[in-house]
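Below you'll find the structure, written out as structure tokens, and then a few comments.
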Amino acid sequence: MTNDNQNLSFSNKQKSKWIFDFQNFEKVSIKLNSSLINKKIKPEKNPIALRKSNISLFKELFNEARITIENSFKHNNNGLFCARANSSLMVQIITLMFKTFKNNFRNLNGISIVAIGGFGRYELAPYSDLDLLFLVSSKNNSTQDKLINFVLYCLWDLGIKVGHTTCTVNQVIKDIEYDLTFKTAILDKRFIIGEKRLFNNLKIKFNALRKDTISQFVKLKIKEQSQRHHKTGGSRYMLEPNVKESKGCIRDLNTIYWLSKYKYGFESLNEFKIYDKKWENYLSKYYNSLKYLMTVRCHLHYLSRRDNNILDIAAQEQIAFCLKYSNRKNISSVERLMKRFYLSAKDIGNLTRIFCNDNVSFNKNTLINLNYNNKSYELSNFELKDNKLNFTLNHPNEKINPKDIFKIFQFSQSKNLDIHPSTLDIIISSKNLVGKIVNKDELLEIFTSILLSPNHSEKYLRLMSETGVLGKLFPDFQKITGLMQFNMYHHYTVDEHTLIAIGYLNKLEKGELIELAPIASSLIKKTQSRKILFLAVFLHDIGKGKNKDHTIVGENIANQVCQNLKLKDQETETITWLVRNHLLMSKYAFNYDVSDPKTILNFTNLVQSPEKLKLLLIITVVDILAVGPGIWNSWKAALMRDLYKYSEEVLYGADAYQLMELNPEKSKIQLM
């Protein structure tokens, strides 16, 4: 993706309707050539006639500038430029409409037009709705009403969707006390044209209210964010994300901006650098992520010619081409695009933890008398900060050694504590030390204990993955991190699918899936080795992304991992067999007639033991559940139940042909 910006200044101002300067996206300049345009405005004494006489000119100006912005964006691929240019364009268009009306109706006063929402932030995507506040001194003014109608109808004639409200300053202050969405929109206010004193009065009164409601606003916005995450799937690693609303996307960056601006009264996040120099690196990641996501979003809008924010499979191919991603060995252009997308989502997740924690503060306490794995633990570097586990360093810029990194995760899991964002940030900067250690035996031992713990292993493994620690311990896991599965079956990236599957193992053990999967819930308590089961699930898709059969590649990787873990030969053999054959049960259940004795005999000849059959069924169930919502259903459950039931009896000595004669009726549907 190129970073070049294009300078599109017109030198002949006598002929050009617009003067563009796109040298710097932060200083995008779009101005009307007033001396030329004013001559083209047709005066009228009636507002409706005024609109009809001049709307063709407005359309001509709007379309000309819009095409120029689109062409420039497709040259520079800078979403922040595009959003700022579209915002600047609309400011010019609305200003022209206002002046056109005012020049024909002299008694206009007591009104200010204010941009709010994304328009106010200068983050207006090409086909986004336009949010306007008509700020008035009073509502009993017919000339004001005529202006508002004139502007709105002109904008609608241009094909623009407008969200608008007309309020006095006092009404705004009253309404935002009970309307979080409106309050957030007003936080992004920007003066366009009209009486500046009204806008300034709003700023003063809003700031007074802000200072008294910081805690309330922060709590409500964080709650709103949590609800939005749940509504959009709860994962940063969806295969077809909503680039605006999904977890780890634009709205999370907006939330960071809103919380910080509301708490500190900043006009720009760059003021954070004055507040604390450490934010400079965070702000760089913030704007890089915002630029990338806005670039993707703007391409989505131009491709679909509407306010579309769903990055579906078809759009991924088109945008990969637009951003000049090419195929490389073992990874397609689309996979490269989405890997970059998921890395951005991960960065936004880290930023969200850091910024949100900075805005929600609690008392600092020291951890006292805590035990670590039933033995005394040296807690000199551990403290409870903001109700989260924090690791203190002896010197600034010091790294955390790998052993302590893994103990931080293990200890926080044992006490069910969140890890403080500042500690996670240091872990990220220290992660490369993990890969440099020659003898990783102790790290592997701690990893295994985290994996096998019944206490939220999915949560802590995901943290280890998002900080990069897991990928440094297992380089092959790093290769599937952010790796999309380019089909309509899977909902998540390979790494996210794996972690969700581990979470389903924990749920099976706790009896949370008895109604959904009763047999698997029963069998998981009867397996001979939890270690074999959990490691097999962790490794089952680790061979993906290599343009070869991932079960064969995964079997080889699993064998090496088992050797590094110093497992017994029998454990290694079972784990590698499960990785190699983790698709076997679904293949036979869904593609063959499970009431045919030959099917059962062929399947059991491959499985060979009741223990492997138990493990294989459990792995198959969690594998399917972790694909995404709605994939596991009663039809699949019934087929797998029958395959398991018949195979178990054959493995214990029953004759397959006699067994089928004793079970001539179709099996009743029972959820697995």
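The values are calculated or read from the model by the stated rules, or taken from the named source; none is laboratory data. Quantities reported herein were computed from a predicted structural model and do not represent experimental measurements. Cβ coordinates were reconstructed from backbone atoms using ideal geometry, including for glycine residues, and neighbour counts include every protein chain displayed. Each accessible area value is taken on the protein alone, full model and side chains, heavy atoms only, with ligands, DNA and RNA left out. Shrake-Rupley method; radii C 1.70, N 1.55, O 1.52, S 1.80 Å.
Would you check if there is a residue in region 407-414 being in contact with a strand residue (DSSP E or B) (Cβ under 9 Å, 6 or more places away or on another chain) and surrounded by fewer than 21 Cβ atoms within 10 Å (Cβ to Cβ)? The answer is yes, given that some residue of region 407-414 is in contact with a strand residue (DSSP E or B) (Cβ under 9 Å, 6 or more places away or on another chain) and surrounded by fewer than 21 Cβ atoms within 10 Å (Cβ to Cβ). Considered as a group, the residues in region 270-305 that are aliphatic (A, V, I, L, M) and farther than 21 Å from Ala125 by Cα include one that is modelled with the lowest pLDDT, and that residue is Ile274.
Against the conditions (1) open to solvent by 60 Å² or more (accessible area, probe 1.4 Å); (2) without any contact (Cβ under 8 Å) to a residue 40 or more places away in the chain; (3) over 21 Å from Ala501 (Cα atoms), Gln608 satisfies every one except (2).
Can you pull out the residues in region 533-574 that are under 19 Å from Asp495 (Cβ atoms), of a type in the set (Val, Ile, Thr) and touching a residue at least 12 places away in the same chain (Cβ under 8 Å)? Passing the criteria: Val537, Ile542, Thr551, Ile557, Val561. Taken over region 229-264, residues that are among the acidic types (Asp, Glu), closer than 17 Å to Gly117 by Cβ and assigned to a loop (DSSP other than H, G, I, E, B) amount to 1.
Within region 431-454, the set of residues being in contact with a Ser or Thr (Cβ under 9 Å, 6 or more places away or on another chain) and under 27 Å from Leu351 (Cα atoms) comprises Lys431, Ile450, Leu451. Of the residues Tyr153, Tyr127, Tyr122, the single one that is of a type in the set (Ser, Thr, Tyr) and farther than 30 Å from Ser268 by Cα is Tyr153.
Taking region 277-303 as the search range and keeping residues that are more than 19 Å from the chain's Cα centre (by Cα) and surrounded by 15 or more Cβ atoms within 10 Å (Cβ to Cβ), which one is nearest to Ser72 (Cα to Cα)? Among those residues, the one meeting the criterion is Tyr302. All conditions in (1) open to solvent by 20 Å² or more (accessible area, probe 1.4 Å); (2) modelled with pLDDT under 85; (3) assigned to a loop (DSSP other than H, G, I, E, B) hold for Gly628, with the sole exception of (1). If you go through region 152-170 and keep only what is open to solvent by 60 Å² or more (accessible area, probe 1.4 Å), in contact (Cβ under 8 Å) with a residue 40 or more places away in the chain and in contact with a Leu (Cβ under 8 Å, 6 or more places away or on another chain), you end up with just Lys161. In region 583-592, the count of residues that are open to solvent by less than 50 Å² (accessible area, probe 1.4 Å), among the charged types (D, E, K, R), under 37 Å from the mean Cα position of the chain (by Cα) and closer than 20 Å to Ala536 by Cβ is zero.
Tell me which residues, restricted to region 387-425, are modelled with pLDDT under 90 and aromatic (Phe, Trp, Tyr). Phe391 - this is the single residue of region 387-425 that is modelled with pLDDT under 90 and aromatic (Phe, Trp, Tyr). Select from region 425-470 the residues that are on the phi > 0 side of the Ramachandran plot and either touching a residue at least 60 places away in the same chain (Cβ under 8 Å) or touching a Phe, Trp or Tyr at 6+ places or on another chain (Cβ under 7 Å) (or both) and list them in ascending order. Passing the criteria: none in range. Across region 291-324, the qualifying residues are those that are in contact (Cβ under 8 Å) with a residue 24 or more places away in the chain and aromatic (Phe, Trp, Tyr), and the one among them that is farthest from Thr232 (Cα to Cα) is Tyr302. Filtered by the rule that a residue be closer than 23 Å to Ile176 by Cα, crowded, with 17+ Cβ neighbours inside 10 Å and either without any contact (Cβ under 8 Å) to a residue 24 or more places away in the chain or among the aliphatic types (A, V, I, L, M) (or both), region 130-151 gives Leu130, Leu132, Leu133, Leu135, Val136, Ile148.
Under the condition of being free of Cβ contacts under 8 Å to residues at least 60 places away in the same chain and open to solvent by 10 Å² or more (accessible area, probe 1.4 Å), the residues counted in region 94-115 number 5. The set of residues in region 195-208 that are open to solvent by 30 Å² or more (accessible area, probe 1.4 Å) and not in a loop (DSSP other than H, G, I, E, B) comprises Lys196, Arg197, Asn200, Asn201, Lys203, Ile204, Lys205, Asn207, Ala208. Of everything in region 503-519, what is more than 18 Å from Lys531 (Cβ to Cβ) and open to solvent by less than 10 Å² (accessible area, probe 1.4 Å)? Give them in sequence order. Of everything in region 503-519, just one residue is more than 18 Å from Lys531 (Cβ to Cβ) and open to solvent by less than 10 Å² (accessible area, probe 1.4 Å), namely Ala517. Residues considered: Ser376, Ser380, Ser361. Of these, the only one that is polar (S, T, N, Q), within 15 Å of Asp418 (Cα to Cα) and modelled with pLDDT under 85 is Ser361. With respect to the conditions (1) more than 24 Å from Arg197 (Cβ to Cβ); (2) of a type in the set (A, V, I, L, M, F, W, C); (3) open to solvent by less than 10 Å² (accessible area, probe 1.4 Å), Ile55 lacks only one, and its number is (3). Would you confirm whether or not region 505-517 contains a residue that is of a type in the set (A, V, I, L, M, F, W, C), closer than 23 Å to Leu584 by Cβ and touching a Ser or Thr at 6+ places or on another chain (Cβ under 6 Å)? Yes, some residue in region 505-517 is of a type in the set (A, V, I, L, M, F, W, C), closer than 23 Å to Leu584 by Cβ and touching a Ser or Thr at 6+ places or on another chain (Cβ under 6 Å). Within the set Val91, Val28, the sole residue that is in contact with a helix residue (DSSP H, G or I) (Cβ under 7 Å, 6 or more places away or on another chain) and either touching a residue at least 40 places away in the same chain (Cβ under 8 Å) or crowded, with 22+ Cβ neighbours inside 10 Å (or both) turns out to be Val28. Scanning region 391-406 for residues that are in contact with a Phe, Trp or Tyr (Cβ under 9 Å, 6 or more places away or on another chain) and part of a loop (DSSP other than H, G, I, E, B), which turns out surrounded by the fewest Cβ atoms within 10 Å (Cβ to Cβ)? Among them, the one singled out is Thr392. Here Ser260 passes the criteria (1) modelled with pLDDT of 90 or more; (2) surrounded by 15 or more Cβ atoms within 10 Å (Cβ to Cβ); (3) not hydrophobic (A, V, I, L, M, F, W, C) except the one numbered (1).
Here Leu601 passes the criteria (1) open to solvent by less than 20 Å² (accessible area, probe 1.4 Å); (2) in a helix (DSSP H, G or I) except the one numbered (1).
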